[in-house]
Amino acid sequence: MKMKKAIVYLLMALSVVLTTSCLKDQEDVFALPSSNRIQNYIGNTQEILTSSQEGWVFECFPHSSQNYGGYSFVVRFAGDTVYVRGELDGNEDEYTSFYSFGSNSGPVLSFDSYNEMLHYFATPSSGLYEAYGGDPQYLVLDVSEDQNVITLKGLRSGSLSYLRRLPAGVDGQTYLDSVMTVSKAMNFKNLEVIYDGDTLVGTIKNRNLTVVVNDSISETVPFVYTLSGMKFYKPLDVFGQEVTGVNYAKDATEFAGENTTVMFVPVIPPLNEQFLQGIWYIAYSNLGTYGQSAFNQVRAGLEGIGEKLYYANLGDEEGTFGLNFASYDGSSLYGGSLFFDTSIPEGTTDEVTLQFARKGAGDGVWYHNNAGFNYALLPFGYSSAKTFKLETDNEANPSYIILIDKSQPTNVIKLTASEVLWPFDN
């Protein structure tokens, strides 16, 4: 043991000598103190950011494991102000806030004041105390030689994100509209991955593509939608082929892997399976008379505690199918889920049976017991199960699903794939 310690001390001493020697040799290379070099780098980076009048595409991957995939924003820097558009609200509005540069073992880009778009994944609530694992601050890792790509690393998540310069004359709003057209066309949940006659099964959830290699092995890659299709966070190994993304083609029924002959072929599951795999939003105006009567009790319960329903949906947000919601008290969001037992009647493709499972997540159970959310479950199956017939506009890519209660004619509910905020106002 003593001999091992002596060797360790000797190596440490040699390390100090060698490090000192290297630094001495590089005095001419690094003539400026490190703090000055960082400040110069910050100044140059800020100058690059503000040099793009059209702005930058910000491909953001929140969470340390990129659990939510990637989302595109368009950000434009002017002075100390940043102007932001994003997919999250359907590219409807531009949001303004402030940004700054500092240093933390390197230059750091900080989005200082609250921005509804940029801080969506980083703003916590009582139900999500770590939010969605997003970042308000990013370490600047690299600026490409042509100054068109800036690589960032979230200080909290460690996840990589990218700023890509918009080409001259390309409007940010038009860019995002085009990206959302691509995302809608490629919004499939089940697919086959085919190469040289062999086929693997793939699934997509939360902008993560999982390919099942065999019963015990699967590979998952997050992705972001771009003008050209899906861009993977890291290469996906398919039959020994490294695939970096999936190419978009208008009206296509199959899509080629980027720079490979691997093909990605969407599979359309039965409507009841799509319902159980998706996220479907509730609007008060889309409820039948039975549902509206029940949700009136929910509204009264929330008013009693000084809150308003921010959103409500049916789907698998927490790993189990349920009613998921968020409530707003004027300053903070509170969220939760109430879960259902689900089944598909034998031999059907357009029917589903639901019943409250008497459990939940987040603040779900509290709102059930204290804010009238037990009534929110009544239209879907509470103390006894309800079986619904399902209808939609497009089985290949539903924009809505209508639930028709087979035992209660006034209980007809239209749920939409597009997000609905403030359900009682819609």
Exercise. Can you grab the distance from the C-alpha centre of region 368-426 to the C-alpha centre of region 60-88, Å, no decimals?
Key: 32 Å
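Averaged across orientations, what area in nm² does the convex hull of the alpha carbons in the chain project?
Working: hull surface 113.4 nm².
Spelled out: convex hull of the Cα atoms, projected over all directions, averaged, 28.4 nm².
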Quiz item: Which length gain, in nm to one decimal place, applies between Q297 and A396 when the Cα-Cα distance is subtracted from 0.36 nm times their residue separation?
Solution: 32.1 nm
Quiz item: Which one of K414, K250, K231 has the biggest mean-square fluctuation once the chain is modelled by GNM with Cα springs under 10 Å?
Solution: K250
Exercise. Would you compute, from DSSP H runs of 4+ residues alone, the mean residue ellipticity of the chain at 222 nm, taking -39500 (n - 2.57) per run and dividing by the full residue count, rounded to the nearest 500?
Key: -6500 deg cm²/dmol
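Could you work out the relative contact order of region 85-228? I mean the mean sequence separation of Cα pairs under 8 Å and 6+ apart, divided by the number of residues, in percent.
Values: 216 pairs, mean separation 18.6, N = 144.
With pairs under 8 Å counted, the relative contact order is 13 percent.
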Quiz item: Round to a whole number: what % of the accessible area of region 354-409 belongs to carbon and sulfur, probe 1.4 Å?
Solution: 44 percent
Quiz prompt | Residue-normalised accessible area of the chain, expressed per residue, 1.4 Å probe, Å² | solution = 50 Å²
Exercise. Calculate how steeply helix 289-304 sits against the longest principal axis of the alpha-carbon atoms of the chain, using the helix alpha-carbon long axis, and give the answer as 0 to 90 degrees to the nearest 10.
Key: 50 degrees
Quiz item: On a 0 to 90 degree scale, rounded to 10, what angle separates helix 2-25 from the longest Cα axis of the chain?
Solution: 70 degrees
Quiz item: Of I404, I279, I217, which is the most mobile in a GNM of the chain whose springs link Cα atoms less than 10 angstrom apart?
Solution: I217
Quiz prompt | Links that overshoot a 27 Å alpha carbon limit, given the list K184/K234; K189/K250; K250/K389 | solution = K250/K389
Quiz item: Taking the Cα atoms only, what angle lies between the long axis of helix 34-50 and the longest principal axis of the chain, rounded to 10 degrees?
Solution: 50 degrees
Quiz item: What is the extension gain from Q241 to T289, computed as 0.36 nm multiplied by their sequence separation minus the C-alpha to C-alpha distance, in nm to one decimal?
Solution: 11.8 nm
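Just check region 139-254 against the gyration tensor rule for me: Cα atoms, a ≥ b ≥ c as the square roots of the eigenvalues, rounded for a/c under 1.5, and otherwise prolate or oblate depending on whether a/b exceeds b/c. Before the final figure, lay out the partial values.
Values: a/c = 2.19, a/b = 1.42, b/c = 1.54.
Here region 139-254 falls in the oblate category.
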Quiz item: Peptides 323-329, 346-352: what's the order by average Cβ count within 10 Å, highest mean first?
Solution: 323-329, 346-352
Exercise. Quick one: compute the contact order of the chain, relative version, from alpha carbon pairs under 8 angstrom and 6+ residues apart, as a percent.
Key: 11 percent
Quiz item: Computed on alpha carbon atoms, what radius of gyration and Dmax characterise region 285-330, expressed in Å?
Solution: 11.9, 31
Self-check item: Simple label model, 7 Å out from Cα along Cβ direction - D112 to A252, nm
Solution: 4.5 nm
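The values are calculated or read from the model by the stated rules, or taken from the named source; none is laboratory data. Every value quoted in this text rests on a predicted model; they were computed, and no experiment measured them. Quick reminder, even Gly has a Cβ in these numbers, built from the backbone with ideal geometry, and neighbours come from all protein chains shown. Ligands, DNA and RNA are stripped out before the accessible areas are found, and what is left, the full protein with its side chains, is counted by its heavy atoms. Shrake-Rupley method; radii C 1.70, N 1.55, O 1.52, S 1.80 Å.
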